[in-house]
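What follows is calculated from the coordinates using simple rules that are stated; it is not laboratory data. Predicted model, so just to flag it, every value in this text is computed and none were measured. Note that we place each Cβ from the backbone using ideal geometry, even for glycine, and neighbour counts take in every protein chain shown.
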Amino acid sequence: MGIERKGRPSAWTLEDSLSELERLAETAGLRVVGWLEQRVDRPNPATLIGSGKVEELIALRADTGAQVIIFDDELSPAQQRELERAINNPNVKVLDRTALILDIFAQHARTREGALQVELAQYEYRLPRLTRAWTHLARQAGGAAARGGAGGVGLRGPGETQLEVDRREIGKRITHLKQELEEVRKHRAQYRRRRNEEAIPVIALVGYTNAGKSTLLNALSGSTVYAADQLFATLDPTTRRLKLPGGREVLLTDTVGFIQKLPTALVAAFRATLEEIAEADLVLHVVDITHQNTEQQVAEVLRVLEELKATEQPIITALNKVDQLPDADEIFGSDMDLEHSVAISALTGQGLPDLVTMLEEVLDEELVSITVLLPYQRGDLVGLIHQRGVVTRETHDEAGTHITAKLPASLAPRFEPYLSGPAAERI
């Protein structure tokens, strides 16, 4: 069920948004048996849609035998309760896009961190919606809701008392999950500090869900991260090493895919993971160039990057799935103005050498130039330059190893005692 608000133009048409919602439903294991749309001046505060449309929805559900009704827009707790009351069938679930995405994430979380993030988002979504019918779902999410019944509080009935117990227990669980995730965040921060000390550049892969990020990660690094043609096929962050043609090593970090109307609860829960994007040296934006909503997807990813304050670092755009286009030239005939873009196919390998070359060139722009004379007993520093920098000249004599190179600015202070040319300066 989708609504379109009159006088509020959107980059997405109602039909395109519902098509995406159908794919989400299929990813969650559901089969869609019908659509319903309404264009409104303003949403109904009680049920989101008008009373006549509610009756139409009830009739369509009865005709199709549907067991689940999914709204494309987020329902308030009151709207959800009112719709369930109107449908008056305990076997029919009323969900919204947020609940559907949370369910998909719960299915796809593989690591402890991913499971913690999803569980927190589920509880924060469900807590204000908690009724007697929801308590068993809360227990399924994390097993933390209270069991058993009432404690005889005032004049409350057993059901009301149980709800209070459940709310209190879920509140405790939310606090506990936030504490655990804060430890994860601290661990990530420590890991980033160690990584910065080693001056290993980090490239964050971002993109709309199903753009092909995991397939590209596998193609570039030779890894075997799970990849499938479905929304949110992979959820947990994955990092792999890549050796560039010049010899430098970089880290490729895959991140959760974006989607329009990304639930705010998920953005908050995945803060520790999404911080990896803001802290990266370079962002590799993977775009499905074959999708009918490519430009809208690109705009949505850039909007989320802006929200995460991850727009300071350079962005390279990989226009993926070019092998599925009848004419590759049509990519560059589009209206998208994307700096540092290259057409690729992560599946066939087309364009990947050009992409890697561009990654190296952009990273090299961030290096500083030094000329040093290193004593032979400092072979560790010679190795460090070769591993983390780009050597342009190297000679040997009785005094030691003469090297002219480019390397990350964070490493330059280690070589100051051995400078033999001009002091390190930015290129």
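Report the gain in length on full extension from Ser410 to His291: 0.36 nm times residue separation, minus Cα-Cα distance, nm rounded to one decimal. If you can, show how the numbers build up before the last one.
Numbers: separation 119, 0.36 × 119 = 42.84 nm, distance 4.07 nm.
Contour length minus Cα-Cα distance gives 38.8 nm.
Database remark: amide H of Glu4 closer than 5 angstrom to the amide H of Gln38, Arg39, Val40 (H placed geometrically; neighbours at sequence offset of 5 or more, or on other chains; Pro and chain starts carry no H). A simple spin-label model places the labels of Arg193 and Asp354 4.3 nm from each other, with each point 7 Å out along Cα-to-Cβ. So what is the relative contact order for region 367-426, in percent, with contacts set as C-alpha pairs under 8 Å and at least six apart? Rounded, it is 51 percent for region 367-426. Here the simple spin-label model places points 7 Å from the Cα toward Cβ, and for Lys93 and Glu55 these points are separated by 3.0 nm.
Using a cut-off of 20 Å between alpha-carbon atoms, which aspartates and glutamates can reach Lys321, once sequence neighbours fewer than 8 places away in the same chain are excluded? Once the sequence-local aspartates and glutamates are set aside, what remains near Lys321 is Glu20, Asp229, Asp254, Asp288, Glu295, Glu300, Asp329, Glu330, Asp335, Asp337, Glu339, Asp354.
When only DSSP loop residues count, what GluC sites (Glu not before Pro) in region 248-317 have their Cβ near at most 16 other Cβ atoms within 10 Å?
Glu312
Extending 7 Å from the Cα toward the beta-carbon at both His176 and Arg303 defines two label points whose distance is 3.7 nm.
Expressed as a fraction of 2.2 N^0.38 Å, the value expected for a compact globular protein of N residues, the C-alpha radius of gyration of region 331-410 is 1.58.
What is the packing order of peptides 122-129, 378-385, 204-211, 253-260, taking the mean over residues of other C-beta atoms within 10 Å and listing the highest first?
Result, highest mean Cβ count within 10 Å first: 204-211, 253-260, 122-129, 378-385.
Rounded, prolate or oblate: which one fits region 1-61, using the alpha carbon gyration tensor with axes a ≥ b ≥ c (rounded when a/c is under 1.5, else prolate when a/b beats b/c, else oblate)?
Values: a/c = 2.50, a/b = 1.21, b/c = 2.06.
Taking the square roots of the gyration eigenvalues as a ≥ b ≥ c, region 1-61 is oblate.
Loop-located GluC sites (Glu not before Pro) in region 351-427 (DSSP state other than H, G, I, E, B) with a sparse environment of at most 12 neighbouring Cβ atoms within 10 Å: Glu365, Glu398.
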